[in-house]
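Single-structure report; data block below.
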Amino acid sequence: MNPQTVTATASDTWNLGDLTVNRIGFGAMRLPQHGEAFAADAVPRGRDQAIRVLRRAVELGVNHIDTAAFYFSPLRSANELINRALAPYEDGLVITTKVGPGRDPSGRWLPHATPEQLRGQVEENLRQLGRDHLDVVNLRIVGTDSIAERFGALAELCDAGLIRHLGLSNIRPHHLAEAQAIAPVVCVQNMYGIGASPEQKELLNLCGEQRIAFVPFYSIAGTGRTAGATTDHSPEVHAIACAHGVSTAQIRLAWTLHQGSHVLAIPGTGDLDHLAQNVAVGSLRLSEDELTTLDTLHHEAA
């Protein structure tokens, strides 16, 4: 497998409402800085490099980009970089964003937005991206409280034409049911990777049953989150990676995609070679024996 020649079309497609995307997308969270996202000492990434990565992603067939207004570091904003690199946007390019949390200019996290504040967050994403509507907006939440009032506020913005489709992020199953009673949900973004909890697997399956896209974050890092993967030292993971001539990160990402045809991937990077490797995962097919081995590691880590 030559990662420089594989495009995102090899990953097959899924529909976010009436929008068709390749299952390998691109996450912009790490694009504004080097190192750990949201770190107080984050070093801004060079604008030209970030723009090259975004443009190359689209050249490689990526048509699903995940971002948020709160993805920024000193001097760099993910939305600004996307606007600079890709506007005017190609037909068929789907940009998904998130609202709910916020950060002040210093990077300090702010309390979650009220229903009234959500419109301001939507308008800020529109302004930064240079769009007249947002393709998909995910309501990101923390905790188990009712989301009806906040999700209802976003549904009103759909009716007003500012948002095309709605999704959810960092939720529990009861949140999905609550939201679905208000307006259609096209995707759920939750943490998922090798070692994810059984509850997250249940949510992944629930989304599949309802034909809702499941979009995992930390799909490569798994439970290691920003610290990185916790099972890459496993000889089993290394053996499977060697057999395919790929990295352990690619194997972890491929395992995630194998969890269902409704599972999308949004790995992020600021490196052109890593970008090509991530996109190439869409053509990687794991055998039943390999999946069984990785499933065993998954259950041991969970």
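Tabulated results
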| item | result |
| --- | --- |
| One residue from Ala37, Ala28 being hydrophobic (A, V, I, L, M, F, W, C), under 17 Å from the mean Cα position of the chain (by Cα) and crowded, with 24+ Cβ neighbours inside 10 Å | Ala28 |
| Scope region 105-146; condition more than 24 Å from Ala28 (Cβ to Cβ) and either in contact (Cβ under 8 Å) with a residue 40 or more places away in the chain or surrounded by 14 or more Cβ atoms within 10 Å (Cβ to Cβ) (or both); matching residues | Pro115 |
| Scope region 128-154; condition within 17 Å of Ile65 (Cα to Cα) and assigned to a helix (DSSP H, G or I); matching residues | Gln128, Leu129 |
| Residues being among the β-branched types (Val, Ile, Thr) and closer than 28 Å to Asn83 by Cβ - total across region 143-183 | 1 |
| Residues being part of a helix (DSSP H, G or I) and basic (Lys, Arg) - total across region 29-84 | 5 |
| Residues (aliphatic (A, V, I, L, M) and over 24 Å from Trp109 (Cα atoms)) located in region 51-92 | Ile51, Val53, Leu54, Ala57, Val58, Leu60, Val62, Ala85, Leu86, Ala87 |
| Residue in region 94-101 that is crowded, with 19+ Cβ neighbours inside 10 Å, in contact with a Phe, Trp or Tyr (Cβ under 7 Å, 6 or more places away or on another chain) and part of a loop (DSSP other than H, G, I, E, B) present | yes |
| Among (1) surrounded by fewer than 16 Cβ atoms within 10 Å (Cβ to Cβ); (2) under 20 Å from the mean Cα position of the chain (by Cα); (3) among the hydrophobic types (A, V, I, L, M, F, W, C) - the single one Phe70 does not satisfy | (1) |
| Residue selected from region 76-92 under the condition free of Cβ contacts under 8 Å to residues at least 40 places away in the same chain and farther than 15 Å from Val62 by Cα, by the criterion surrounded by the most Cβ atoms within 10 Å (Cβ to Cβ) | Arg84 |
| Residue count, region 179-199 (criterion: in a helix (DSSP H, G or I) and surrounded by 17 or more Cβ atoms within 10 Å (Cβ to Cβ)) | 1 |
| Given (1) more than 21 Å from Val188 (Cα to Cα); (2) at pLDDT below 95; (3) touching a helix residue (DSSP H, G or I) at 6+ places or on another chain (Cβ under 6 Å), index of the condition Leu110 fails | (3) |
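The values are calculated or read from the model by the stated rules, or taken from the named source; none is laboratory data. Worth saying up front: this structure is predicted, and the values here are computed from it rather than measured. A quick note on method: Cβ atoms are made from the backbone with ideal geometry, for glycine too, and the neighbour counts reach across all protein chains shown.
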